[in-house]
Amino acid sequence: MKELEAVYLYLKTLSDIQPSDLDGLKGAYQREHFKAKETIFSEGDRYSKVTFVLHGLVKKSYLTHEGKEFIKEFTWEGQITTPYASYDNGVGGNVVT
């Protein structure tokens, strides 16, 4: 449950949330491990998860028409991310380690 404690601490900075408010998330998330530079989601993919970064750093970027990488943002440990433009409002989540 270390993951849910970290999610709770993050959400507590955004709202008046109680630990019991996360009871519905128990069993609704999966922990995933990605290697450095591994792709978590790709442009154009339908994505229905919100990702909480437990350890590491996530870089969100895309390639321009000229083939140059454009970095949109970074997500640090203890923050959430998702490809908002392709998010399909499904229920689920994962924890990146």
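Of note:
- Among the trypsin sites (Lys or Arg not before Pro) in the range 1-62, those placed in a DSSP loop whose Cβ has at most 13 other Cβ atoms within 10 Å are 26, 35, 37, 46.
- Length-normalised contact order of the range 1-85 in % [C-alpha pairs under 8 Å, at least 6 apart]: 26
- Sparse-neighbour loop sites [GluC sites (Glu not before Pro); the range 7-80; at most 12 other C-beta within 10 Å; DSSP]: 38, 43, 66
- For the range 2-20 and the range 33-50, distance of Cα centres in Å: 23
- Pairs beyond 22 Å (Cα-Cα), from 2/60; 26/59; 12/59; 2/49; 37/72: 2/60; 26/59; 12/59
Values quoted throughout were computed directly from the atomic coordinates according to the rules given, and no laboratory measurement underlies them. Computed from a predicted structure; not experimentally measured. Please note: Cβ atoms are built from the backbone with ideal geometry, for glycine as well, and neighbour counts cover all protein chains shown.
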